[in-house]
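Asks: Have a look at this one.
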C-alpha cells in the first residue's frame, strides 16, 4: 500500500511533466527583463531576406571619436553635367564615343551632316563681302569729302552703312564659330566637340537620326565634380555646419558639406545632407554607396555625440511608438534595439530592414522575406 505522502509527490511530478516547456529565448528574457525581443532567424532566412550588416564605429577611415558617421550615395550634381547638342538641324553621321568613355576638352565626339550649314556659310561670306564693299565706299567718300566734292551728310550716310555691314558680318562670323563651322568651306559636315574633359554618361542620338537645332546628342559628366547625398537624424543635423570636412571611405581627398536640407523626410524624419567632392581621385562612382565621417564644427557642449553613444545611419532605423530602433545582430538572429542603446562594435542591419520590421510586427519568416522581395 502506497503512503499518502508518496501519492502526493507522484501527482506533483505528473503535473510538471505535462506542463509546456518555455522556449530558451523566453527563459533568457525572464532572467533579463530588459532584454529586447529576438527575431530568431536562421542563416538561410537572413540570406533569403537580403539582410546585410555593418559594424557600428568600425570604419576603416580612422574617423575621430567625436565624428558622426553616415551612409551616403554618390550622385552627379546638376552643375557637373554638360550637354553636347546639335547647333544646327541635320543628320547624325557618326558617334565617336560610347557610354563610360573618358573625353578631353575639344575632342570631336560626333559629326553632323547639315544642309543648313551650307546656308550659314553662304550668308557669312555674303556679309563679309558686303562689309568690304562698305569699307571701300567709305574710304572713297572720305576722300571726296576732303576735296569738297560731296556733302558731309552723304559721308555720314556712307559711314552708317559701313558700321551696319561690319556689325552683320561680325554677327555671322560669331554664329559660325559657335556652330563649329568654317565660313570659307563648302562642306556640310559639322564636328561636335566636347567643351570640357569628363566621362560620357549618355548617348542620346544614333547615326542616321535627324536632329533639330538645340537637340541634345550626348551628356557628359564633368571630371572632378561629384557629390555625396547623406541622411542624418535631426539631432545629428544640429551638430553640423556647412563647410564641415567630410572623410569618405576609400578616398584620400575629403569632401565638403555644401548643404543641409531645411526640411525633413516625412517617412523617417531624416535630414538630407549634400557634400561636394571636387577631385580627380578615382575613388568614387555614381550611385556608389559609401561610408562618410563628418567631424562636427559645432560646440561640443551642444553635440549629442558623446563617448557613450554612437550614430546609426537613418536609413538603418525604423520608427515605432515614436522611437527609433536599429536591428542588432545576435547569435540567434536580430534584436530591435533603441538607437540610443546601440554601442560601438554592434553589427546592425543596413539592408533588408523592411523584412526585419515585418517579422518584428508579427509576420512569419516567409512573409517577412516576401516583404523584402517587394521593397
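Asks: Quick check on this structure: which one of 133, 88 is closer than 22 Å to residue 170 by Cα, touching a residue at least 12 places away in the same chain (Cβ under 8 Å) and either surrounded by fewer than 16 Cβ atoms within 10 Å (Cβ to Cβ) or over 34 Å from the mean Cα position of the chain (by Cα) (or both)?
Replies: 133 is the lone residue from the list that is closer than 22 Å to residue 170 by Cα, touching a residue at least 12 places away in the same chain (Cβ under 8 Å) and either surrounded by fewer than 16 Cβ atoms within 10 Å (Cβ to Cβ) or over 34 Å from the mean Cα position of the chain (by Cα) (or both).
Asks: Related question: Looking only at segment 42-51, count every residue that is touching a strand residue (DSSP E or B) at 6+ places or on another chain (Cβ under 7 Å) and at pLDDT below 90 and tell me the total.
Replies: Summing the residues that are touching a strand residue (DSSP E or B) at 6+ places or on another chain (Cβ under 7 Å) and at pLDDT below 90 in segment 42-51 gives 1.
Asks: Based on this model, can you work out whether residue 305 counts as surrounded by 15 or more Cβ atoms within 10 Å (Cβ to Cβ), in a loop (DSSP other than H, G, I, E, B) and either touching a strand residue (DSSP E or B) at 6+ places or on another chain (Cβ under 7 Å) or at pLDDT below 80 (or both)?
Replies: Taking the combined requirement at face value, the residue satisfies it.
Asks: If you don't mind, there's one more thing I want to ask. Could you tell me which numbered condition residue 290 fails, if it satisfies all but one of (1) more than 19 Å from residue 354 (Cα to Cα); (2) outside any loop (DSSP other than H, G, I, E, B); (3) modelled with pLDDT under 80?
Replies: Single failed check for residue 290: (3).
Asks: Quick one: in segment 335-348, of everything that is in contact (Cβ under 8 Å) with a residue 12 or more places away in the chain and either touching a helix residue (DSSP H, G or I) at 6+ places or on another chain (Cβ under 6 Å) or assigned to a helix (DSSP H, G or I) (or both), which residue is nearest to residue 290 (Cα to Cα)?
Replies: Step by step, filter segment 335-348, then rank; the result is 348.
Asks: Identify, by number, the condition in (1) in contact (Cβ under 8 Å) with a residue 60 or more places away in the chain; (2) in a helix (DSSP H, G or I); (3) buried (at least 17 other Cβ atoms within 10 Å of the Cβ) that residue 109 doesn't meet.
Replies: Only one criterion in (1) in contact (Cβ under 8 Å) with a residue 60 or more places away in the chain; (2) in a helix (DSSP H, G or I); (3) buried (at least 17 other Cβ atoms within 10 Å of the Cβ) is unmet by residue 109, namely (2).
Asks: Return the residue satisfying two criteria in turn: it lies in segment 222-240 and is in contact with a strand residue (DSSP E or B) (Cβ under 7 Å, 6 or more places away or on another chain) and surrounded by fewer than 21 Cβ atoms within 10 Å (Cβ to Cβ), and of such residues it is nearest to residue 268 (Cα to Cα).
Replies: Applying the filter and picking the extreme gives 234.
Asks: Here's a check for you: in segment 183-221, which residue that is over 27 Å from residue 78 (Cα atoms) and crowded, with 17+ Cβ neighbours inside 10 Å is modelled with the highest pLDDT?
Replies: For segment 183-221, the residue satisfying everything is 190.
Asks: Counting only residues that are closer than 19 Å to residue 232 by Cβ and in a strand (DSSP E or B), which one in segment 314-332 is nearest to the chain's Cα centre (by Cα)?
Replies: 317
Asks: Can you tell which of 100, 181, 148 is at positive phi and touching a residue at least 24 places away in the same chain (Cβ under 8 Å)?
Replies: 100
Asks: Residue by residue through segment 101-135, note down the ones that are more than 19 Å from residue 177 (Cβ to Cβ) and at pLDDT below 90.
Replies: 115
The values are calculated or read from the model by the stated rules, or taken from the named source; none is laboratory data. Owing to the predicted nature of the structure, the values given are computational and were not obtained by experimental measurement. Please note: Cβ atoms are built from the backbone with ideal geometry, for glycine as well, and neighbour counts cover all protein chains shown.
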